[in-house]
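Reviewing the structure listed below.
The values are calculated or read from the model by the stated rules, or taken from the named source; none is laboratory data. Remember, it's a predicted structure, so these values are computed and weren't measured experimentally. Glycine also receives a Cβ, built like all others from the backbone with ideal geometry; neighbour counts cover every protein chain displayed. Ligands, DNA and RNA are excluded from the accessible area calculation, which covers all protein heavy atoms including side chains. Shrake-Rupley method; radii C 1.70, N 1.55, O 1.52, S 1.80 Å.
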Amino acid sequence: WETKDEARSFTLLGQPLAPDLLGYTLDLTATDPDRIYVSAVRKPGADAVGYLLTSRDHGKTWEETMVPLENGERSLHIGAVDPRDPERVYLRTANNTDKPTRLLVREAADGGTATIRTVHTANAALLGFALSSDGQKVYIGGPRDGLKVASASDFVFEQRSNIEVQCLATHDDGLWACSSERSGFIAGVSKDDGRTFEPVLRFCDIRGPLSCGSGTPTG
């Protein structure tokens, strides 16, 4: 479904997806306005089978690519689409908190047949993923693995920090992370590519509900 009026109304694109698919994430591409990706599974649970759905005609039709899940992995999530190459999609698997998860890359050279390969296996939950604005650098992390960084050309990951990563995002002002209070913040920003983080928000900074100004509508 698509909205063009800030979610006031939605229009169905094409036919509904297969009823036995459980969708998880959806992403668009910066260089191809008609390309849409959706991650999903069939047989949710311990026997789940992952799928990446690709539409090249703005949701009218879909192509399914099976993504085998391993060692009890239960779901498949899109991390990002390369900002310069619509054929390169980053995927992460999810599992029980203490079980290994993986970072996968879907690629198709010169419009050929798509392939999916594992580029990193984490020790436990891989909750954070971010891509630099030029698509040249990859950031991943989790509560047990800390923060790791690699070039998108070789995926040789370097440990940058031991914070308990729960989410990651890149912005013009640096690399942002959310974490647990044990890392010293629940939201922080790094100006040195993940080596250190400046706390931006802590639980102890939250003082209570905000008061509304006089005359503020409540209904």
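In this structure, is GLY50 modelled with pLDDT under 95 and small (Gly, Ala, Ser)?
Working: modelled with pLDDT under 95: no; small (Gly, Ala, Ser): yes.
For GLY50, the condition - modelled with pLDDT under 95 and small (Gly, Ala, Ser) - is not met.
Cβ contacts < 6 Å: first residue farther than 11 Å from ARG106 by Cα, restricted to the stretch 75-86; second residue at pLDDT below 95 and part of a strand (DSSP E or B), any location; separation 6+ or different chain. Result?
Every condition considered, the pairs that remain are SER75/ALA94.
Check the stretch 34-55 and report whether any residue there is of a type in the set (Val, Ile, Thr), in contact (Cβ under 8 Å) with a residue 40 or more places away in the chain and open to solvent by 30 Å² or more (accessible area, probe 1.4 Å).
Taking every residue of the stretch 34-55 in turn, none turns out to be of a type in the set (Val, Ile, Thr), in contact (Cβ under 8 Å) with a residue 40 or more places away in the chain and open to solvent by 30 Å² or more (accessible area, probe 1.4 Å).
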